[in-house]
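Q: Following this message is one structure expressed as C-alpha cells.
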Amino acid sequence: MADLKAPAKARRLAPPMSWRTRLSIFAAGYLTDATCRADGTINRRLLTYLDPGVPPSAAPRNGVSSRDIDVDPATPLRARLFHPVGLPGPLPVVLFFHGGGFAYLSAASLAYDAACRRIARYCGAAVLSVDYRRSPEHRFPAAYDDGFSALRFLDDPKKHPADVAPLDASRCFLAGDSAGANIAHHVARRYAMSSPSFANVRISGLIAIQPFFGGEERTPSELQLEGAPIVSISRCDWMWRAFLPPGADRTHEAAHAASPAAAAGIDSPAFPPAVVVVGGYDPLQDWQRRYCGMLTSKGKKVRVLEYPEAIHAFYVFPEFAESKDLMLRMKEFVAGSDGGK
C-alpha cells in the first residue's frame, strides 16, 4: 500500500488582525484594483474620489503642525512640511517619499499624513514629504528627479519657512516605504555622485521601509505569499510597466537594485548608512534581502530590522505593535550622532 502522507500545511498569508484593520487593507486593495486599467492608465478622477487627501493643519495635531510648500514651481513640485511644535531648532530633516507603486497616493493621503506626523513627533525632526509626480503620466526618472529637486530645495536656507524652527540640512535623512523607499535609495545614489555640489545638505542616513525592488524572476517569497495583503504579483507587474521606460523590463536599474547599471554612486563615501525594514508577510522580502546583501557587499553600513509578523505597509497601521516599535527604532537612528548605531 502506498505511504499516504498528510498534505503539507499551507503557509498563513497574514498575521491575526482586527476586522477594522482587515477592512482598511481591503479598501487599499480596492483603491488600486478599481482605478488601474488594462491599457496601463489610471482613472485619476475615480482615484481622487477614493483618495481625496486631507488638508495641512497649521494648528498642531498631536504636537505637530503641517503646511504645504512649493519646492519647484516650474515643475510644479510641492511637499508637505511637518514640524513638531515646542522644540528648539535647528531640527534634523527627514526627506520622506510615500509608497503607492509610483502611481498611487500622495503626501496628502490620510495614511501618509498621519504616518509623517508620527515620524516628526517620535524623531523630533521636521519631515518634508515630497508630492512627487506619479506614473504612468510621469515615468522614470520623474520621481527621482523630484526627490533630487527636494534636496536642492533643502540646500538653500533662503527657501526654508522663516516662521518655524530652523531646519538643519546637515542632518538630513532620506526615508520612504515601498516605492518611496526605492525613490529614497535612488536619490541617495544621485546625491552620492554629486555631494560636492551641495553647500549645506549632508545625508546622514537612509531609512528604507520594505523597499519596492524586483526582477524578471519570481522569488520564493513572491510565490509562497501570493494572496498576502497589499502586494500581489499582478499588481507589482502592472506598477513596473507603468513606471519603467517603454520597452524596459524589470532588469532595469530602477527595479533591480543589484544590477550593474544600478551600482553608480553606491561606492561613494557619501552614500549613507542604511536601515532596511523587512516584514515576514511581505512578498517582496527576498528582493529586500538581496538589496541588503548588495549594500553590504559594497562595504556599506546596513542595519536590518526584521518583523516576522509584519505585512507590507504595516507601519501605516498604528494598531500593529510593530508600527510603534519601528517609530522607536527610527528615533534611535535619527538621534544617533554616527548615523546608525
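Q: Could you order the peptides 168-174, 38-44 from most to least packed, using the average number of other C-beta atoms within 10 Å per residue?
A: So the order, starting with the most tightly packed, is 168-174, 38-44.
Q: Also: Let me know the whole percent of all Cα-Cα pairs from the chain that are separated by more than 26 Å. All intermediate terms of the calculation are to be shown ahead of the outcome.
A: On the way: 26456 of 57970 pairs.
Taking all Cα-Cα pairs of the chain, the fraction more than 26 Å apart is 46 percent.
Q: For region 89-235, state the average projected area of the convex hull of the C-alpha atoms over all orientations, rounded to one decimal in nm². The partial results should precede the final answer.
A: Working: hull surface 39.3 nm².
The orientation-averaged projected area of the Cα hull of region 89-235 comes to 9.8 nm².
Q: Of the listed peptides 72-84, 288-300, 184-196, 16-28, what is their order by residue-averaged count of other C-beta atoms within 10 Å, with the highest listed first? Numbers along the way, then the final one.
A: Working: 72-84: 18.6, 288-300: 16.8, 184-196: 20.5, 16-28: 13.1.
Packing proxy ranking, top to bottom: 184-196, 72-84, 288-300, 16-28.
Q: Under a Cβ-only charge scheme (Lys and Arg +1, Asp and Glu -1), can you give me the dipole magnitude of region 211-341 about the Cα centre, in debye to the nearest 20? Mind showing how you got there, number by number?
A: Working: 14 positive and 17 negative charges, 87 e Å.
Around 420 debye, computed over region 211-341.
Q: For Cα pairs less than 8 Å apart in space and 6+ apart in sequence, what is the mean separation divided by the residue count of the chain, i.e. the relative contact order in percent? Intermediate results must be reported in sequence, preceding the final value.
A: Details: 671 pairs, mean separation 57.5, N = 341.
About 17 percent, as a whole number.
Q: What is the sum of charges, Lys and Arg at +1 and Asp and Glu at -1, for the other residues whose Cβ falls under 10 Å from the Cβ of Leu77? Working shown, then result.
A: Working: positive: Arg78, Arg133; negative: Asp70, Asp72, Asp131, Asp145, Asp146.
Local net charge: -3.
Q: Go ahead and estimate [θ] at 222 nm for the chain from helices alone: -39,500 (n - 2.57) per DSSP H run with n ≥ 4, summed, over the residue count, rounded to 500. Write down the numbers at each step before the final one.
A: Details: 9 runs with 112 residues, N = 341.
Dividing the helical sum by the residues of the chain leaves -10500 deg cm²/dmol.
Q: Sort 312-318, 219-225, 152-158 by packing, meaning the average of other beta carbons within 10 Å per residue, with the highest value first.
A: Values: 312-318: 21.9, 219-225: 17.1, 152-158: 14.9.
Result, highest mean first: 312-318, 219-225, 152-158.
Q: So how much slack lies between Ala34 and Asn200, counting 0.36 nm per residue of separation and subtracting their Cα-Cα distance, in nm? Can you show the working numbers first?
A: On the way: separation 166, 0.36 × 166 = 59.76 nm, distance 4.38 nm.
That works out to 55.4 nm of additional length.
Q: Charges on Cβ only, +1 for Lys and Arg, -1 for Asp and Glu, centred on the Cα centroid of the chain; of Pro52, Ala114, Gly40, which one is farthest towards the dipole's positive end?
A: Ala114
Q: While we're on this one: Any number yet on Rg/Rh for region 209-323, C-alpha, Kirkwood? Kindly include the intermediate steps, with their values, before the conclusion.
A: Details: Rg = 14.5 Å, Rh = 15.0 Å.
Reported Rg/Rh, Kirkwood definition of Rh: 0.97.
Q: Right, something else. For region 74-162, evaluate the Debye formula with one uniform point scatterer on each Cα (no solvent term) and list log10 I(q)/I(0) at q = 0.13, 0.15, 0.16 Å⁻¹, rounded to two decimals.
A: So the normalised log intensities work out to -0.43, -0.57, -0.64.
Q: Would you mind working out the magnitude of the charge dipole of the chain relative to its Cα centre, with +1 at each Lys and Arg C-beta and -1 at each Asp and Glu C-beta, to the nearest 20 Debye?
A: Numbers: 40 positive and 34 negative charges, 91 e Å.
It comes to approximately 440 debye.
Q: How long are the three semi-axes of the equivalent ellipsoid of region 176-250, in whole Å, if each is the root of 5 times an eigenvalue of the C-alpha gyration tensor, listed from largest down? Walk me through the numbers before you get to the answer.
A: Details: eigenvalues 175, 46, 18 Å².
Whole-Å semi-axes of the equivalent ellipsoid: 30, 15, 9.
Q: Would you mind pulling out the separation of the Cα centroids of region 301-331 and region 42-109, in Å?
A: Taking the Cα centre of region 42-109 as reference, the centre of region 301-331 is 21 Å away.
Where a number appears in this text, it was derived from the coordinates with a stated rule and is not lab data. Computed from a predicted structure; not experimentally measured. With ideal geometry, Cβ positions are generated from the backbone for all residues, glycine too; neighbour counts draw on all protein chains shown.
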